[in-house]
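Here the structure is laid out as structure tokens; the discussion comes afterwards.
None of the figures in this text is laboratory data; all of them are computed from the coordinates on show. Source: prediction; values computed, not measured. Neighbour counts are summed over all protein chains in view; Cβ atoms, including those assigned to glycine, are modelled from backbone coordinates with ideal geometry.
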Amino acid sequence: MARPSSSAPPAAVVAALAALLSVLTCAASAADELRVAGAVLHVELDHGAFSSGAAPILEWVHRSADIVGRYYARFPTPTVTVRLAPQSGPGVHGGKTFANPDAYIRVQLGREVTTAELLSDWVLVHEMTHLALPDTGGEHAWLSEGLATYVEGVARVQAGNRSEVDVWAEEMRSMSRGLPAAGDHGLDHTHTWGRTYWGGAMFCLLADVDIRRRTQLRFGLQDALRAVLRASGGLATDWPIERVLRTGDEAVGTRTLEELYAQMKDTPVSPDLMTLWRELGVLPEGDSVRLVDDAPLAAVRHAIMRARER
């Protein structure tokens with residue numbers, strides 16, 4: 001009898017299968033590498049972990065990076081790794097940003113997250129914004145978190161991802177949480193949640209309005225923040241807060257940031273927010289707001305939300 005032939009596939013078949021596997025592996029890797037606003041984003045994502053599939057999630061990451069890139073005229077870092085950790089339930093659950101040694105963002109994402117939830121998400125834009133500011137130390141967390149809170153809304157309006165009414169309504173509802181309470185010792189020394197996030201956002205709003213008033217709308221906080229990013233490289237750099245504020249002020253030709261910091265760092269300051277809203281043309285209307293254009297600072301409001309060139 002003739003000896004039975006071997007069951008092993010011919011070498012040519014093995015080579016062809018290996019080549020196909022290599023192509024498929026490269027394609028899968030490429031699908032999780034996004035190029036946005038001059039940056040390369042490495043997205044660590046288990047494609048089978050989410051009920052909506054990978055496509056809307058990758059679109060969300062791309063959209064968030066584009067929003068931040070538009071605001072800062074480029075994405076804050078040349079590369080970043082975005083790790084999406086699946087959690088039970090729907091929604092985006094929170095995130096954390098690091099930059100030492102490399103830019104890295106970890107976001108907890110619900111396995112049942114919907115496309116609508118991803119479209120309206122603020123978390124990833126907030127976390128990506130952290131990459132644009134130098135590390136000024138824990139004492140000044142209000143600047144980092146306040147900037148990310150303030151910029152998230154403005155940047156999303158400028159990119160067409162959120163309505164202007166929605167952002168002003170949220171600020172009117174929430175910014176009072178950033179006002180000092182009894183026993184407050186200024187932004188640098190009062191580390192409550194409200195003072196850190198909304199007190200910092202209040203500082204940013206006051207600065208934005210003042211810069212635009214002083215420069216007859218030529219510049220705003222956005223220009224100052226772009227200059228800080230250009231000069232520092234962002235979160236991977238350690239800068240004293242004084243240098244951050246001085247760099248921003250020099251870019252717009254004012255002393256707004258330094259003067260406002262001197263007022264608010266060690267002393268509880270309670271600006272009249274309702275008067276500011278009214279002057280900006282932001283009027284309460286039920287659970288929302290109505291925007292009017294005959295207010296004294298309506299032009300400032302428009303300038304803040306107007307998309308800038310990259």
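Table for the structure above
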| read-out | value |
| --- | --- |
| Cα-based convex hull volume of the range 122-171 per residue, rounded to whole Å³ | 69 Å³ |
| Span from the the range 42-78 Cα centroid across to the the range 148-165 one, whole angstrom | 17 Å |
| Percentage of interatomic Cα-Cα distances in the range 31-130 larger than 18 Å | 39 percent |
| ³J(HN,Hα) computed for each position of the range 141-152 - Karplus, 6.51 cos²θ - 1.76 cosθ + 1.60, integer Hz, glycine/proline x | 4, 4, 6, 5, 6, x, 4, 4, 5, 6, 5, 3 |
| Assigned charges on the beta-carbon of Lys, Arg, Asp, Glu; the chain dipole about Cα centre (debye) | 760 debye |
| Amide hydrogen neighbours beyond the local backbone of Leu109, cut-off 5 Å, H modeled | Ala85, Gln87, His93 |
| Option label - Kirkwood radius over Cα pairs in Å computed here, alternatives (1) 29.1; (2) 20.4; (3) 21.2 | (3) |
| HN-Hα J in Hz across the range 178-187 - Karplus 6.51, -1.76, 1.60, θ = phi - 60°, x for Gly and Pro | x, 6, x, 9, 4, x, 6, 10, x, 4 |
| On Cα atoms only, tilt of 221-232 relative to the major axis of the chain in degrees | 60 degrees |
| Trp168, Trp277 arranged by Cβ crowding within 10 Å, fewest neighbours leading | Trp277, Trp168 |
| DSSP-loop trypsin sites (Lys or Arg not before Pro) across the range 194-238, with at most 13 other Cβ within 10 angstrom | Arg218 |
| Cα Rg over Rh - the range 32-81, Kirkwood | 1.01 |
